[in-house]
Amino acid sequence: MTTLAKEGIFYRRILPSPPCIDFSSEYGMEIFTNALIQGNMRNYFQISPQFRTQDEPAYCGITTLCMSLNALMVDPGKSWKNSVWRWYEESRLDCCVSLDLVKKQGITLDEFACLSKCNGCNIVKKRVSSSSSSSSDDANSNNNNKPSSLEEFRNYVKEISKVKNKVLVISYNRKTLGQTGSGHFSPISGYEEEQDLVLILDVARFKYPPHWVKLDLVHEAMCGIDSSTGKSRGYVILEKNNVQEKNVLSLNLSANTYSQIKEIQMNLINMHSPVGSNNNDDNNNINNNNNHNSVNDDMKNISIQIIDMLSKYSNIIQYVYVMRTSSCCSNVDPTHLKKAEDVKQRIEGTKLYNIMAEYKKHNKMDVQQCCHKKAQANCIHFAIMLLLSLSVDMKDGTTKQQVNIDIVNLLIKEKIIEYDELLTLEAIQLKEQIDELLKDATLFSRNKNNKREEEQTCC
């Protein structure tokens, strides 16, 4: 053993074989050839050109996500290292969890899923169990509490290994594979069907090379409990969201966002309808006849009450390009900036904004600083988008969102809450992010001061 090894400083680790098979070994290459003939390596040729080594010992999650985003050709919308090129690197992924915290603790499965959605992907998140039941954590599932079975995992691996437009990322315990360390993220990029083997492109390349492992053993490695969340690990399937890539607004997620959204919902639920206002057509006709082109005082008061409350939480929403870069909109795609400008103008064309502008005209409003002056927005812009996102279901008569239905219906009926195509698209995307956040109460709630397992931090 070298002096450095005695001091705990290593040049790589010996890959435990079995159960792992080195990708570059003679046997590993034979497996690759068989998988290629079977048509189960198409995904490999999409991911492998983006294969990279994590920049920090605890960056396995965000490095895996960088690989996935670049493999799926998601445009980050801003320049890479202030050059003429737009590209993903780890420093871009600072919108959901502080990178300083990630360096110390890594990320959880929930945080990985949230980062994926925030950065332009549709996702299906699965937790696993050794049981035969199965379900997803995606928005369309009605069985969110049931774990994903071995057979379901195998079916996803078979499907995704044959395509180039999806990536399957696993969160697993290394110990189950006979490796040192604990929690780890990496993508699966291939499948050999005869021997039921998956190819793991391990992003800790300083430690282990890419390797083949039995699929059922990988599933077992995801069954263990993550000590930081108290839940099993699992996997996430990513696919480029062609709609979200064009959106300019996003939730600015932090450790407090979940509690802030819950506070907003409670405040909206507890609000009372304005005195003298109801859905009585005669009363509405009287109001309309008295002042056809204006909003009655009751409507103004309730509008001011709602937006004034939401303004305190307006930092929950930000421009995507402001969130993803410390240099604001320098070198950001001009079409993206133009759309941000359009969104701001559409908000300013609503009755709700005009009511608040009149109310606030003698008060100084906080402005989100942005060197693209035409897109500079204040707390009222973001408060209105927050209300639109919380009530977007109701514009078509449905009532899925937890808000005061009577008040929101009244404001929609009076056309004080207004949606056009552009604002609707932004509101729907924000709502999807809010729904994802609210689905899992543990997201961002882990104790940030607790030291996670040292081996896990070191991949």
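The values are calculated or read from the model by the stated rules, or taken from the named source; none is laboratory data. Keep in mind that what you see is a predicted model, and the values were worked out from it rather than measured. Cβ placement follows ideal geometry from the backbone for every residue including glycine, while neighbour counts extend to all protein chains displayed. In case anyone asks, the SASA skips ligands and DNA or RNA and just uses the protein heavy atoms, side chains included. Shrake-Rupley method; radii C 1.70, N 1.55, O 1.52, S 1.80 Å.
Structure summary
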{"item": "Convex hull per residue volume in Å³, alpha carbons only, for the range 68-120", "result": "79"}
{"item": "Rounded FRET efficiency, nearest 0.05, which uses the C-beta distance separating Asn256 from Val84 and R0 of 35 Å", "result": "0.45"}
{"item": "In Hz, Karplus ³J(HN,Hα) per residue of the range 224-231 (6.51, -1.76, 1.60; θ = phi - 60°; x = Gly, Pro)", "result": "x, 7, 7, 4, 7, 10, x, 10"}
{"item": "Kirkwood estimate for the range 2-131, i.e. one over the average of 1/r between Cα atoms, Å", "result": "17.5"}
{"item": "Glu89, Glu220, reordered so the largest accessible area comes first (probe 1.4 Å)", "result": "Glu220, Glu89"}
{"item": "Highest average packing first - 53-59, 164-170, 334-340, Cβ atoms within 10 Å", "result": "164-170, 53-59, 334-340"}
{"item": "Cross-link pairs Lys81/Lys175; Lys312/Lys361; Lys117/Lys175; Lys162/Lys339 - those with Cα-Cα distance over 26 Å", "result": "Lys81/Lys175; Lys117/Lys175; Lys162/Lys339"}
{"item": "The range 163-270 shape via C-alpha gyration tensor axes, a/c threshold 1.5", "result": "prolate"}
{"item": "Built amide H within the under 5 Å cut-off of Asn252, gap 5+", "result": "Ile317, Gln318"}
{"item": "Sorted peptide list for 196-202, 110-116, criterion being average Cβ within 10 angstrom, highest first", "result": "110-116, 196-202"}
{"item": "Whole-Hz couplings from phi, Karplus 6.51/-1.76/1.60, listed for the range 176-192; x for Gly and Pro", "result": "4, 8, x, 9, 7, x, 9, x, 7, 10, 6, x, 9, 10, x, 8, 10"}
{"item": "Listed peptides 376-388, 148-160 by packing density, highest first (mean Cβ within 10 Å)", "result": "376-388, 148-160"}
{"item": "Accessible area (Å², 1.4 Å probe, nearest 10) - Ile264", "result": "0"}
